[in-house]
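Structure, as structure tokens:
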Amino acid sequence: MEKQSVEENGFAENREEGAGTESKLSELEQENERLKRENELLKEYRASLPLKERLYDRIPLTVRQLDVIIGVLLAVLAAVVVLGMLDH
């Protein structure tokens with residue numbers, strides 16, 4: 001008789017573990033769906049950004065650093081054009 005109660009308890013424990021696993025699976029599936037929706041929203045948001053902002057998102061520099069670099073490059077380009085005009 002005692003052996004049966006041990007087996008029954010074992011089955012009961014397995015059922016409880018199974019129910020716990022199912023609830024964890026359900027929670028993970030819900031979290032996965034939430035993350036998929038969030039990812040879709042982020043894709044839509046990124047697509048709506050201006051080209052400058054999308055470019056800045058890909059480069060690991062601050063916007064100010066990129067603006068300074070662009071300004072310096074434009075100044076160098078202007079200097080090259082002016083020197084080319086003076087040399088002609």
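The values are calculated or read from the model by the stated rules, or taken from the named source; none is laboratory data. Note that the coordinates shown come from a computational prediction; the quantities given were computed from them, not determined experimentally. In case anyone asks, the SASA skips ligands and DNA or RNA and just uses the protein heavy atoms, side chains included. Shrake-Rupley method; radii C 1.70, N 1.55, O 1.52, S 1.80 Å.
Quick notes on this one:
- Put simply, of Leu73, Leu41, Leu77 the only residue that is modelled with pLDDT under 95 and in a helix (DSSP H, G or I) is Leu41.
- The condition of being open to solvent by 80 Å² or more (accessible area, probe 1.4 Å), at pLDDT 85 or above and in a helix (DSSP H, G or I) holds for only one of Glu27, Glu22, that being Glu27.
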